[in-house]
1. How about segment A:268-290: which of its residues are within 32 Å of the chain's Cα centre (by Cα) and free of Cβ contacts under 8 Å to residues at least 60 places away in the same chain?
2. List the pairs whose first member sits in segment B:172-195 and is within 30 Å of B:SER51 (Cβ to Cβ) and at pLDDT 95 or above, whose second member is among the charged types (D, E, K, R) and in a strand (DSSP E or B), and whose Cβ atoms are under 6 Å apart, counting only residues at least 6 apart or on separate chains?
3. Quick test for you: out of A:PRO298, A:PRO344, pick the one residue that is under 30 Å from A:LYS261 (Cα atoms), in a strand (DSSP E or B), in contact (Cβ under 8 Å) with a residue 40 or more places away in the chain and more than 21 Å from the chain's Cα centre (by Cα).
4. Which of the following residues is buried (at least 18 other Cβ atoms within 10 Å of the Cβ), within 12 Å of chain B (Cβ to nearest Cβ) and out of contact with any Leu (no Cβ under 7 Å at 6 or more places or on another chain): A:ALA172, A:ALA156, A:ALA145, A:ALA168?
5. I'm told B:LEU354 meets every condition in (1) closer than 30 Å to B:ALA248 by Cα; (2) within 14 Å of chain A (Cβ to nearest Cβ) except one. Can you identify the failing condition by its number?
6. What number of residues within segment B:301-323 are in contact with a strand residue (DSSP E or B) (Cβ under 7 Å, 6 or more places away or on another chain) and farther than 15 Å from B:LEU399 by Cβ?
7. Quick one: in segment B:347-365, of everything that is touching a strand residue (DSSP E or B) at 6+ places or on another chain (Cβ under 6 Å) and not in a strand (DSSP E or B), which residue is modelled with the highest pLDDT?
8. Kindly indicate whether B:PRO395 is more than 24 Å from B:ALA218 (Cα to Cα), modelled with pLDDT of 95 or more and either among the β-branched types (Val, Ile, Thr) or touching a strand residue (DSSP E or B) at 6+ places or on another chain (Cβ under 9 Å) (or both).
There are 2 protein chains.
Amino acid sequence: MTPRPATASARSVDEYRDTVAALLAHLFERPDEQAPVPAALGRVLATDVVSPTDLPVFRNSAMDGYAVRAADVAVTPAQLPVAGVIAAGDAGTSALDAGSAMKVMTGAPVPPGADCVIPVEDVQVGADRIVVERGRGRGEFVREAGTDVRTGELVARAGTVLAPRHIAALAAVGLPTVPVLTRLRAVCVTTGDELRPAGSALAPGQIYNSNGIALAAALRADGVEVVEVAHSTDDPARFTAVLRAAVAAADVVFTSGGVSKGDFEVVKDVLAPLGGTFGPVAVQPGGPQGYTVVDGVPVLSFPGNPVSTMVSYAVFARPVVRALGGLPAPETREVTLLTPVRSPAGRRQYLRGLMTENGVEVISGPGSHLIAGMAWADALVDVPAEVTTLPAGSPVRILSL
Amino acid sequence: MTPRPATASARSVDEYRDTVAALLAHLFERPDEQAPVPAALGRVLATDVVSPTDLPVFRNSAMDGYAVRAADVAVTPAQLPVAGVIAAGDAGTSALDAGSAMKVMTGAPVPPGADCVIPVEDVQVGADRIVVERGRGRGEFVREAGTDVRTGELVARAGTVLAPRHIAALAAVGLPTVPVLTRLRAVCVTTGDELRPAGSALAPGQIYNSNGIALAAALRADGVEVVEVAHSTDDPARFTAVLRAAVAAADVVFTSGGVSKGDFEVVKDVLAPLGGTFGPVAVQPGGPQGYTVVDGVPVLSFPGNPVSTMVSYAVFARPVVRALGGLPAPETREVTLLTPVRSPAGRRQYLRGLMTENGVEVISGPGSHLIAGMAWADALVDVPAEVTTLPAGSPVRILSL
């Protein structure tokens, strides 16, 4: 009799999450990049951005009307000759003579000498003169240069996730590009002879290949650029070729499948000899985990069950992936458990949950295959390793999905 | 003397929002489209989606181990001959004889006749037989076909905004594509001789062209496909050409600028003769508004001040744009005003606000040019038309940005 396979003592969830974070820590050093402002929606500012200009750039009219001196219209009706017309885009450098008016369009420069604008509604227009029926005080309907933002003043802070309102401000101050965090580039590699593409007819024993699609969606939702979703059979030579291409293209590679204790574990079989570390984490689902550094690129190997893959990503990789992208940590908080729960001793369990006003309902059992059920879950219920039963009403931590 | 321009009696905000909604209502009838599941993140399901298959597709093993009859391992240790090996992807149709075991990999078919799987950890492995050290009950570590989802069962509901967990489920049931709402196609047209592209040196009287960039960002954040951001000078022939191209490419066209009471209002000058309706809405900022149907395509004309453009979009167009995209209405709720406010009588005012734990702070004055300041605002404070002063502590409605 050969001895049963040695079971490396299982690492804890926190320990393995820290291991993954350390493995990706060098990626915080990757250089920022410049993004064109029109394409920067959702990107994260790498530095504070200050205005290269005063805004308004020049003193201009807030209304279609007539630029005058307030003193000349203090008594109304006041008749004034019209000395000219200034459209938006005109240089508007000739001064206004006392006792006269210049017609100005909204956004046009207010001429030197004028100190207020009379809206067109308050004016009777004659052939060469106007009658102002309501005077205005100094400064009324005049936008002074720099009253919105001054040259050198902060427009948006480092770390801002750029929303439309930020894009509007960055465009208004005339910035063509802004420094943003470079997106993390990832490749997802699925493995398994039994996997078939969506829409195929399945032969007995085959299933659809969903892990690459699902993991890519999760990564994209966290701001990652998924360079490729690749698939390998269980042939080691094939997997080696796919892996080499993946590490050449990515900052980080995710694999799914081929890491547990079967006879045909292509990921473990290829990566362990390259220095990979494979072994159990005290978690359910997602116990078998592995990591390797190949050509300097971290390769995280998740188990192949669809729910295991998604929970592995959410628990072990997502926190550091979001931090690398400058995004806030996944929300975790304590809520009331609405469904009684049993859990294996010694394994931290993540159950699919649905948040309600009163707390969290557990909506599927511990089976790692219940991926369709996972569509209805918006949270993972985090059951500590030492806990074996939790009655309804217990406080539990949840991790938002 | 010519009479002053006739002022059409101003419409209310609610009336004009309804006008815009009616103008776009026919777009609810546009056909759905099929999106490839891997590219469907963030898209909105047009119909309920049911599973085309049982999941699991076939009865399979949850563990790497040995498929046996529970009755054969009721007393342990139990010695059993190993009749074969079933890998994931094998058809696995030959039945298990009583009193024997078959090695099975995770995800591999459990052979007919077997009713549980003994994990490899609980087994001593010999040359042609195993010793089971811990028995298991019927069904343990066996995933029955259809226990996740059955053929015809709902996977995701119509209206679901597809998150990674939905993509995972849709991929797992093998759907190559799903029916989604077709994105609204929009073109943004900015106007004005004074507008210059970002990064240009500005001559006196010129400003940066930001409205197209900002409006496109707002539309994209609401799920719209912005087909083009175009610019026209104030030349009517040029604007007409740009407009014709826009309506040929889009479901809806947004213009900014050229709608107020100046001498050079290219948008109004071109569109009013085509049947456009231009006139004031009792709102600040964003009073001058216009709409036209050109070749069957609605054209919404916003004023050109950057904040006016953004507030016009948020108040008048965004509700129907989001509804057309199947997205929830912009959040509006009552909070406490933290800053005293003055407001002109007869105009509903939208002030830029910053939400805090205690309520909303007003962070800029009513000036429609304060676009840089808008970057710091995450809400619009909605001051009713009849209100002229609001002390701090008043309840106010806010519209989230």
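1. Those that are within 32 Å of the chain's Cα centre (by Cα) and free of Cβ contacts under 8 Å to residues at least 60 places away in the same chain: A:LEU271, A:GLY276, A:THR277, A:PHE278, A:PRO288, A:GLY290.
2. B:THR182/B:GLU33; B:ARG183/B:GLU225
3. Exactly one of A:PRO298, A:PRO344 is under 30 Å from A:LYS261 (Cα atoms), in a strand (DSSP E or B), in contact (Cβ under 8 Å) with a residue 40 or more places away in the chain and more than 21 Å from the chain's Cα centre (by Cα), namely A:PRO298.
4. Working: A:ALA172 fails: out of contact with any Leu (no Cβ under 7 Å at 6 or more places or on another chain); A:ALA156 fails: out of contact with any Leu (no Cβ under 7 Å at 6 or more places or on another chain); A:ALA145 fails: buried (at least 18 other Cβ atoms within 10 Å of the Cβ).
Result: A:ALA168 is the single residue among A:ALA172, A:ALA156, A:ALA145, A:ALA168 that is buried (at least 18 other Cβ atoms within 10 Å of the Cβ), within 12 Å of chain B (Cβ to nearest Cβ) and out of contact with any Leu (no Cβ under 7 Å at 6 or more places or on another chain).
5. In the conditions (1) closer than 30 Å to B:ALA248 by Cα; (2) within 14 Å of chain A (Cβ to nearest Cβ), B:LEU354 misses (1) alone.
6. Number satisfying all stated conditions: 6.
7. The initial filter retains those residues of segment B:347-365 that are touching a strand residue (DSSP E or B) at 6+ places or on another chain (Cβ under 6 Å), namely B:347-351, B:353-355, B:359-364.
Going one step further and asking which of them are not in a strand (DSSP E or B), we end up with B:347, B:359, B:363-364.
On the way: B:ARG347: 92, B:GLY359: 96, B:ILE363: 87, B:SER364: 72.
Looking at residues that are touching a strand residue (DSSP E or B) at 6+ places or on another chain (Cβ under 6 Å) and not in a strand (DSSP E or B), I get B:GLY359.
8. So B:PRO395 passes the test.
The values are calculated or read from the model by the stated rules, or taken from the named source; none is laboratory data. It should be emphasised that the depicted structure is a prediction, and the values quoted were computed from it without experimental measurement. So basically every Cβ, Gly included, is an ideal-geometry build from the backbone, and we count neighbours across all protein chains shown.
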